[in-house]
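Student: Take this structure, written in structure tokens, and hold onto it; I'll ask about it next.
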Amino acid sequence: MKKFNIILVALSVVLVLCAAVGPVWAYFTTYVTAKGGMPVRMGMTTTVSEPDVSKWTKHVVVNNQGPESCYVRAKAFAAPEFVLTYSDQSGFWSPGGEGYYYYAQPVAKGEATSELLIKIDNIPADVRDGDSFNVAVVYESTPVLYDENGEPYADWTQSVTIENEGGQN
Amino acid sequence: MTERKKQKSSVVTVILFALAVLLLLFGTVGGIRAALTYFSQTYSSRLSTLNIGITLNENGVPVGRRDYDSDGKWKEETGELLTNMLSEGEELVVGKAYDEALTVTNSGSIDEYVRVTIYKYWMDQNGKRTNLSPDLIHLNLTNDGWIRDDLYSTKANDSRYKERTVLYYTKPLAVGETTTALSDKLSIDSSIGTKVRQETKTENGYTTITTIYDYDGVQFCVEAEADGVQTHNAKDAILSAWGRNVEISDDGTLSLVKEGE
């Protein structure tokens, strides 16, 4: 009789548990997933070239060999006794902050700036053939960034700097 | 124990057992009633079945769906996100905001509540780059009809769920309806340009300072999972299916119950 009671109690517990579990099975659910991605190219390669250094003038051209467009700025240093003047025929170079000349347009990949001319104006009177002078050109490039409206801008805190020294008369 | 007491104990046990049987029967009857309601609609109109379904859309175009068909079979289509983000030949521009409107359509035949879980992360050829920040992948959330589950989403200064954002659509989604967009724009933070190291090289009178970008060549990834659950007995269904306590108001609006964080 005692065994019979235990079996009945166990059956009762199982039945109650079954009654509780039942509703959990009834829920309708579904799901769908999708994903995607894209690589980011941040590398930037620019070079400076001086196709012509003559008549106390440097002709500076910056080439963009990287995978994306960039902005460019440049400036030059010389001994204190020399006065440097900047000019260009394209109208794209203009003076701006931090002593740099800024190229107005982004330079697309594979393209180059127009020439920036950097000239020593006060040529020493006693200069002789073979004398050399030293002018260091520093230029920086930075990737073209876009604001939320898609307008391009430059952030010069994220720039790549290249220094170029040398000169001749 | 006297014989009388033994008899009394047996009677009590039998009564309890009978009660348990009755409880189970009532539970079953409830289920049968639900089943009858469920199937009677099918019976009255053989063209209509009660199937749950969900479709994820990107900029108005379906990119994936999973709809119950019949006999345990599902109609499934899986697509990719971001495939139309750039036009042919166009390259990704850091900082630029691209259209990325994600919506969900109820492609089943019963109303449902939906939620979407967004994952953002960086990858390279060796797999996931956990040292690069998902925060720099900006998916702009509209907060229009969607609420963020802060308990299971990325928190500031908390590495748990760093890649994840969980959003609940607050209204029941009727058959054939589409939610409001949970996001509208996607952009990569231009500050990735500041995550750099520099190398200096001098050669032939040229000193070159090369900036190497941490994020150069890595791929950003966005993953979206849309879940649907029946509106009938929604509170219990959501707790059971998604493990989340919610409140459902009289007009069907869903809200999240604050739990210990």
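Student: On the given criteria, is residue A:85 crowded, with 19+ Cβ neighbours inside 10 Å and either within 20 Å of residue A:156 (Cβ to Cβ) or without any contact (Cβ under 8 Å) to a residue 40 or more places away in the chain (or both)?
Tutor: Criteria not met by residue A:85.
Student: If you don't mind, there's one more thing I want to ask. Taking into account only those residues within segment B:115-153 that are modelled with pLDDT under 95 and over 30 Å from residue A:145 (Cβ atoms), which is surrounded by the fewest Cβ atoms within 10 Å (Cβ to Cβ)?
Tutor: B:150
Student: Still on this structure: What are the residues in segment B:86-101 that are touching a residue at least 40 places away in the same chain (Cβ under 8 Å), assigned to a loop (DSSP other than H, G, I, E, B) and more than 7 Å from every other protein chain (Cβ to nearest Cβ), if any?
Tutor: Those that are touching a residue at least 40 places away in the same chain (Cβ under 8 Å), assigned to a loop (DSSP other than H, G, I, E, B) and more than 7 Å from every other protein chain (Cβ to nearest Cβ): B:100, B:101.
Student: Go through segment A:69-83 and give me each residue that's charged (D, E, K, R) and touching a strand residue (DSSP E or B) at 6+ places or on another chain (Cβ under 6 Å).
Tutor: Keep residues of segment A:69-83 that are charged (D, E, K, R), which gives A:73, A:75, A:81.
Answer for segment A:69-83, where residues must be charged (D, E, K, R) and touching a strand residue (DSSP E or B) at 6+ places or on another chain (Cβ under 6 Å): A:73, A:75.
Student: Let me ask you something else. From the list B:100, B:112, B:177, which one is among the acidic types (Asp, Glu), closer than 22 Å to residue B:232 by Cβ and crowded, with 16+ Cβ neighbours inside 10 Å?
Tutor: Going through B:100, B:112, B:177 in turn, just one is among the acidic types (Asp, Glu), closer than 22 Å to residue B:232 by Cβ and crowded, with 16+ Cβ neighbours inside 10 Å: B:112.
Student: Let me ask something additional. Looking only at segment B:210-259, count how many residues are hydroxyl-bearing (Ser, Thr, Tyr) and more than 8 Å from chain A (Cβ to nearest Cβ).
Tutor: Of the residues in that region, 4 qualify.
Student: What is the one condition in (1) at positive phi; (2) surrounded by 11 or more Cβ atoms within 10 Å (Cβ to Cβ) that residue A:98 does not satisfy?
Tutor: (2)
Student: Looking only at segment A:99-116, count every residue that is touching a residue at least 40 places away in the same chain (Cβ under 8 Å) and over 16 Å from residue A:152 (Cα atoms) and tell me the total.
Tutor: 8
Student: Inside segment A:61-106, can you point out the residues that are of a type in the set (Gly, Ala, Ser) and farther than 30 Å from residue B:217 by Cα?
Tutor: Across segment A:61-106, the qualifying residues are A:76, A:78, A:79, A:87, A:90, A:91, A:94, A:96, A:97, A:99.
Student: Hey, can you tell me all the residues within segment A:126-144 that are surrounded by fewer than 20 Cβ atoms within 10 Å (Cβ to Cβ), of a type outside the set (Lys, Arg) and modelled with pLDDT under 80?
Tutor: Listed by number, the residues that qualify are A:126, A:127, A:129, A:130, A:131, A:132, A:133, A:134.
Student: I need the full set of residues from segment A:70-127 which are assigned to a strand (DSSP E or B) and over 30 Å from residue B:94 (Cβ atoms), in order please.
Tutor: Matches in segment A:70-127: A:76, A:77, A:78, A:84, A:85, A:86, A:87, A:117, A:118, A:119, A:120.
The values are calculated or read from the model by the stated rules, or taken from the named source; none is laboratory data. Computed from a prediction, not measured in an experiment: that's the story for all the values here. Note: ideal-geometry Cβ built from the backbone for every residue, glycine included; neighbour counts use all protein chains shown.
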